[in-house]
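To start, the structure itself, in structure tokens.
The values are calculated or read from the model by the stated rules, or taken from the named source; none is laboratory data. This is a predicted model, so every value here is computed, not measured. Note that each Cβ is placed from the backbone with ideal geometry, even for glycine, and that neighbours are counted across all protein chains shown. The protein model used for the area step is the full one, side chains on, heavy atoms only, and it has no ligands, DNA or RNA in it. Shrake-Rupley method; radii C 1.70, N 1.55, O 1.52, S 1.80 Å.
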Amino acid sequence: MKPEFHPVNVDDHFAVCMAFRRDAYLCTFQSDHGFAPFIRGYEERMRARLVDPRWYYIHIWDNDQIIGQLEFKSYSDEAETGYIHLIYLIPEYRGSGVADIVQKFMADTLYQAGCQAMLLTVSRTNERALRHYRRWGWQRVGEDGSLRGTDIYRRDIRIQPDGELVLC
């Protein structure tokens, strides 16, 4: 399977974005308690960020079906480091290898934007995500004080002399 990556069309697919965000929140916190304040203003933020070239709101497609969503940006508090806000795949595609393709897509996109590393936040209770990130070489670098029970992970991005992307 070769997924396609396309910018989110908010006018046509905002309901999909909301459903994906809710499910991701449930996967993270095992409850939707606190989701309403968390998501407040989401559509307005998306629309504003979609015109900023440093932000990426991407739907992952398999043929004519949206199977996931990415939200990331090519900056963070660390120099030359992008920040991943959301990696989401619908349940039927988890464990299918698509997440590996997604990792490469984000790393390549961020590298082309001048990043040498990526950061993300993940819940300590989201075992499936933690296994995936650790397998891909993400390293815990600290606790995220802004979200309950979450840690910050980092992964370096490098290019070999032959041009091959290396995820460290």
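Going by the conditions given, is Tyr25 surrounded by 15 or more Cβ atoms within 10 Å (Cβ to Cβ), hydroxyl-bearing (Ser, Thr, Tyr), within 29 Å of Gly149 (Cα to Cα) and modelled with pLDDT under 95?
For Tyr25, the condition - surrounded by 15 or more Cβ atoms within 10 Å (Cβ to Cβ), hydroxyl-bearing (Ser, Thr, Tyr), within 29 Å of Gly149 (Cα to Cα) and modelled with pLDDT under 95 - is met.
Anything in the stretch 95-116 that is open to solvent by 70 Å² or more (accessible area, probe 1.4 Å), within 21 Å of Phe5 (Cβ to Cβ) and not hydroxyl-bearing (Ser, Thr, Tyr)? List them, or say none. Answer for the stretch 95-116, where residues must be open to solvent by 70 Å² or more (accessible area, probe 1.4 Å), within 21 Å of Phe5 (Cβ to Cβ) and not hydroxyl-bearing (Ser, Thr, Tyr): Gly95, Lys104, Gln112. Set side by side, the residues Leu119, Leu130 differ, and just one is at pLDDT 90 or above, assigned to a strand (DSSP E or B) and surrounded by 17 or more Cβ atoms within 10 Å (Cβ to Cβ), which is Leu119. Criterion applied to Tyr88, Tyr75 was being under 14 Å from the mean Cα position of the chain (by Cα), under 29 Å from Arg158 (Cβ atoms) and part of a loop (DSSP other than H, G, I, E, B), and the one residue passing it is Tyr75.
Pairing each residue of the stretch 41-55 that is part of a helix (DSSP H, G or I) with any residue that is exposed (fewer than 13 other Cβ atoms within 10 Å of the Cβ), provided the two are 6+ apart or on different chains, yields C-beta distances under 9 Å for Leu50/Pro7. Kindly evaluate Phe35 against the criterion of being within 14 Å of the chain's Cα centre (by Cα) and of a type in the set (Phe, Trp, Tyr). Criteria not met by Phe35.
Within the stretch 133-146, take every residue that is open to solvent by 40 Å² or more (accessible area, probe 1.4 Å) and in contact with a strand residue (DSSP E or B) (Cβ under 6 Å, 6 or more places away or on another chain) and give me the one that is modelled with the lowest pLDDT. Ranking the candidates gives Glu143 first. Screening Glu71 on (1) closer than 28 Å to Gly34 by Cα; (2) among the acidic types (Asp, Glu); (3) at pLDDT below 95; (4) surrounded by 12 or more Cβ atoms within 10 Å (Cβ to Cβ) shows it passes everything except condition (3). Taken together, Leu26, Leu110 contain a single residue that is part of a helix (DSSP H, G or I) and farther than 28 Å from Asp156 by Cα, which is Leu26. Look at the stretch 134-156: where a residue is free of Cβ contacts under 8 Å to residues at least 12 places away in the same chain and a partner is open to solvent by less than 40 Å² (accessible area, probe 1.4 Å) and assigned to a strand (DSSP E or B), sitting 6+ places away or on another chain with Cβ atoms under 8 Å, you get Gly142/Asp151; Glu143/Thr150; Glu143/Asp151.
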